[in-house]
Each structure stands twice: as structure tokens, then as C-alpha cells.
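Below is one structure, written out as C-alpha cells, with a few remarks after it.
The values are calculated or read from the model by the stated rules, or taken from the named source; none is laboratory data. The model shown is predicted, which means the values in this text are computed figures rather than measured ones. Positions of Cβ are backbone-derived with ideal geometry, glycine not excepted, and every protein chain shown enters the neighbour counts. Surface accessibility is based on the protein's heavy atoms, side chains included, excluding ligands, DNA and RNA. Shrake-Rupley method; radii C 1.70, N 1.55, O 1.52, S 1.80 Å.
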Amino acid sequence: IKEISVKVSFSFLALILYFIVTDNIRIYLITLFSAIVHESVHIIVIYLFKGNIKSIVFSASGGNIGRETSLDFSFLKEAIVNVSAPVINIILGIVFCYRGSTFNDFSTVNLMLGAFNLLPFHSFDGGRFLENILMYFFDYKKVKVVTDSISVLVAVIFTIVSILIFVKYEKNCITLKK
């Protein structure tokens, strides 16, 4: 564990500043705690499978765990590493959903964190999971084309949905100026 390089990106610091400026410290702390739990689950599972971690990078889009390049997990072990953390987040979200209003934010953050990480987007756990499944059947070049195409499609869908929500939502910057 001493040899693990831990880095914090500028985007992560910018996200912290955003939460401070918008007075959302409580949500930030819940999100930070949930993200630490998420990444810790990945780390625990990797260590259970006798893997080695060389780095952890925190950014606005989450954490990224760098593993030894020589590490070659089986198909099943890689799948478990990829889905373990999002599944734990979803379980926490469901369990705390029934614990009363005090835990609503914690429940929501964990459900969203788990669900978003299962999306088949390139750097998310779901994207890694999809890549792992496809590598079982196809060569790397074909898998790369498919996963990149799906990532672009997911990004386009999210952009369109975000714009529609922004336009529909009555309290955005544009409608406040009217």
C-alpha cells in the first residue's frame, strides 16, 4: 500500500470549489464519502484477487484506479471488479432509502453513483464491464470501435437529455433573468 500514488486532478478541486461556492457542502461530503466507499470496494476486490494497485487519481468524474499492467484477471474476476462497487452503491442506496428522511440524500447519491457507473460509457465501470464481455468474443480493434461508438452515443443522449431538462426546468439561469 505504501507504493500507491494518489493524485487529485484540477477538475476534482474545481468540483470542491463549486460545492463550496454554491453552499452545497452537505451534498459534497455525502458524495465524497460515497465515492470513497465506491473506490474502496474496487480496491478491496482487486486485493482479494491478489492484484496490485499502482495509482489512484481523483477527478470530477470520479476515481480511477491504475493497476499493474502485467495483471491479467480472468473474465469472471474482471467482471466482479468492474461491477462490485456500483452494486454496493445501489445496495446502500436501497437500504438507506428505507431508513427515513435523514438518509434521503445519502440514498439518492448512492443510487445515482451506482447507476451512472453501470452505464456503458468508456471510462465508467459499465463501459469496462462491456469491454470485458466483448473481449471474450472479439479482437481488441473491434471491441474498441464498438465501445467507442457506444460511449459517443451515450454522451450524445446525455447531452440532449441535459439540454431538455435545462430548458424545461423553470429555475435555470436563463429564466431567472427574464
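When you filter the trypsin sites (Lys or Arg not before Pro) in the range 126-171 for DSSP loop state and at most 14 other Cβ atoms inside 10 Å of their Cβ, you are left with 171. When the listed pairs 54/142; 7/141; 50/141; 7/50; 77/142 are checked against a 26 Å cut-off, the alpha-carbon distance exceeds it for 54/142; 7/141; 50/141.
Give the percent of DSSP beta bridges with both residues in the chain that are antiparallel, rounded to the nearest 5. Don't jump to the answer; show the numbers that get you there.
Details: 6 of 10 bridges.
Approximately 60 percent, going by the DSSP bridge assignments.
Split the accessible area of the chain by element, probe 1.4 Å, and carbon with sulfur accounts for 70%.
Quick one: what does P(r) look like for the chain with 10 Å bins over all Cα pairs, in whole %? The percentages, shortest bin first, are 9, 28, 38, 19, 6, 1. On a per residue basis, the chain carries 67 Å² of accessible surface, using protein heavy atoms and a 1.4 Å probe.
Under the classification rounded if a/c is under 1.5, otherwise prolate if a/b is larger than b/c and oblate if not, where does the range 73-166 fall, given a ≥ b ≥ c as square roots of the Cα gyration tensor eigenvalues? Oblate.
If exposed GluC sites (Glu not before Pro) are those in a DSSP loop with at most 14 other Cβ within 10 Å, what is the longest stretch of the chain that has none? Of all site-free stretches, the longest is 69-169. Protection proxy ranking of 22-33, 113-124, 154-165, by the mean of other Cβ atoms within 10 Å over each peptide's residues and highest first, is 113-124, 22-33, 154-165.
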